[in-house]
Every structure is written in C-alpha cells, then in structure tokens.
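The values are calculated or read from the model by the stated rules, or taken from the named source; none is laboratory data. Because the structure is a prediction, the values reported are computed rather than measured. In this analysis, Cβ positions are derived from the backbone assuming ideal geometry, glycine residues included, and neighbour counts consider all displayed protein chains. Side chains included, ligands, DNA and RNA excluded: accessible areas come from the protein's heavy atoms. Shrake-Rupley method; radii C 1.70, N 1.55, O 1.52, S 1.80 Å.
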Amino acid sequence: IWGKLNSGAASSAYSKHKDLEINIKIKKIINYLFTDFDLTQLLDITSHRFLSSSLSQISASWYLTEEDVKTISKAGMKIGSHASTHRLLSLLDREEVYLELLESRSILESIVDAKVDEFCYPYGGSHSYNSSVKEILVQLKYSVAHDVNPRKISKLDFQNRYSLPRFNCNELPFGTAHSLKI
C-alpha cells in the first residue's frame, strides 16, 4: 500500500502542507486508495468510531454554512467553485469531472444568487488536475482556475488562465488549519 502512495502523483501530494505526517498519510489513503468507495459513508463510520461525532457534526464546525457564504458574498468576497465532493479530479473520468464542476457551481449560484465562474482545484497541486479537467472548465465557461503554486499572479500567468497561482491558506501563519491530532 505505502509503495503506491509513494509513487506517481501521490508521491508529491501534500508535500508542502505543514501537517502531521499521520494526517498526510490519511489524506493520501483517502484520495488515492479509496477512489472506488463511498467516502462519505467511510468517513462517517470513522468519525463515529474514533471521534464520537458524526461527519455532519464535524463538518458544521469546520466549514461555512449557506448563511456564511451569503454573508461574505454580500460583503464583496468573490465566491468560486471547488468541486462538489472535493475528490481528486485527475483520477476521475470526464463525466465525473463534468458533474463535479457543474454541480458545485450550481449549488453556489443558488446560494449567492450570482454567477460563479472561478474555480480552485481540490488539493491544488499540478497532480490534482490534467488537460481533460481544463477542457471541461473551458466547456463550462469558467473564466479562470487556481492551483496552489504559492506566488503572486503576474500578467504572464493569464496566458494560461486555468493554472493561476495562489497561496494556500494552510501555508500562511494566520491561516494554518487546525490539524486533528491522533
């Protein structure tokens, strides 16, 4: 198992994350080995067993609510899509990618009552998307997409507007996500 996680795209996944090694291994297992499983069910069972909480209870404390999204949108924050189930897009077939991008945007547009045309790849690194994903972004008329190449955007970057750099908030001192310590 570890050989598969230390080869190919999985080998460099999360290499820039400032996280516990065990958390990085768990993320790799979920995103590279369990691609054919119902992850929601797996995570819910695991949450109950090890954390005595449901996945929805944990999610409610970690993620924005619809009201939160409406509030920040009304305050002028640009809302962008991030896929509907946060799966690794480079491992999905074209139809799955299409649905991830379409459903996510549709949900967000219904919440903010505005057009959503920017995208940020789940997991962000170049391993997380491919030319097929970019083609579908073009087909669905997304204006830009961001990866996590941590640097300021230059004018030259807009020649490849589906790989715009951005800073990963987990790598910034004020945005470090709290890691689950096992």
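Somewhere in the stretch 54-76, is a residue assigned to a loop (DSSP other than H, G, I, E, B) and closer than 24 Å to R161 by Cβ?
yes
Can you find a residue that is closer than 20 Å to S163 by Cα, surrounded by fewer than 20 Cβ atoms within 10 Å (Cβ to Cβ), under 14 Å from the mean Cα position of the chain (by Cα) and of a type outside the set (S, T, Y) anywhere in the stretch 83-90?
The answer is yes, given that some residue of the stretch 83-90 is closer than 20 Å to S163 by Cα, surrounded by fewer than 20 Cβ atoms within 10 Å (Cβ to Cβ), under 14 Å from the mean Cα position of the chain (by Cα) and of a type outside the set (S, T, Y).
In the stretch 57-69, is there at least one residue being within 24 Å of S12 (Cα to Cα) and either of a type in the set (V, I, T) or open to solvent by 20 Å² or more (accessible area, probe 1.4 Å) (or both)?
no
Hey, among L42, L91, which residue is touching a Phe, Trp or Tyr at 6+ places or on another chain (Cβ under 9 Å) and more than 29 Å from K134 (Cβ to Cβ)?
Of the residues listed, the single one that is touching a Phe, Trp or Tyr at 6+ places or on another chain (Cβ under 9 Å) and more than 29 Å from K134 (Cβ to Cβ) is L42.
Just wondering, is there one or more residues in the stretch 81-93 that are farther than 22 Å from S15 by Cα and touching a residue at least 60 places away in the same chain (Cβ under 8 Å)?
yes
Scan the stretch 94-125 residue by residue and report those that are free of Cβ contacts under 8 Å to residues at least 40 places away in the same chain, at negative phi, open to solvent by 20 Å² or more (accessible area, probe 1.4 Å) and not hydrophobic (A, V, I, L, M, F, W, C).
E95, E96, E103, R105, S106, E109, S110, K115, D117 - these are the residues of the stretch 94-125 that are free of Cβ contacts under 8 Å to residues at least 40 places away in the same chain, at negative phi, open to solvent by 20 Å² or more (accessible area, probe 1.4 Å) and not hydrophobic (A, V, I, L, M, F, W, C).
Sort out which residues of the stretch 126-143 are at pLDDT below 95 and either surrounded by 20 or more Cβ atoms within 10 Å (Cβ to Cβ) or under 23 Å from I72 (Cα atoms) (or both), and write them in order of number.
Of everything in the stretch 126-143, those that are at pLDDT below 95 and either surrounded by 20 or more Cβ atoms within 10 Å (Cβ to Cβ) or under 23 Å from I72 (Cα atoms) (or both) turn out to be H127, S128, Y129.
I'm checking my understanding of the structure. Among residues of the stretch 38-52 that are out of contact with any Lys or Arg (no Cβ under 9 Å at 6 or more places or on another chain) and closer than 14 Å to H86 by Cα, which one is modelled with the lowest pLDDT?
Top of the filtered list is D38.
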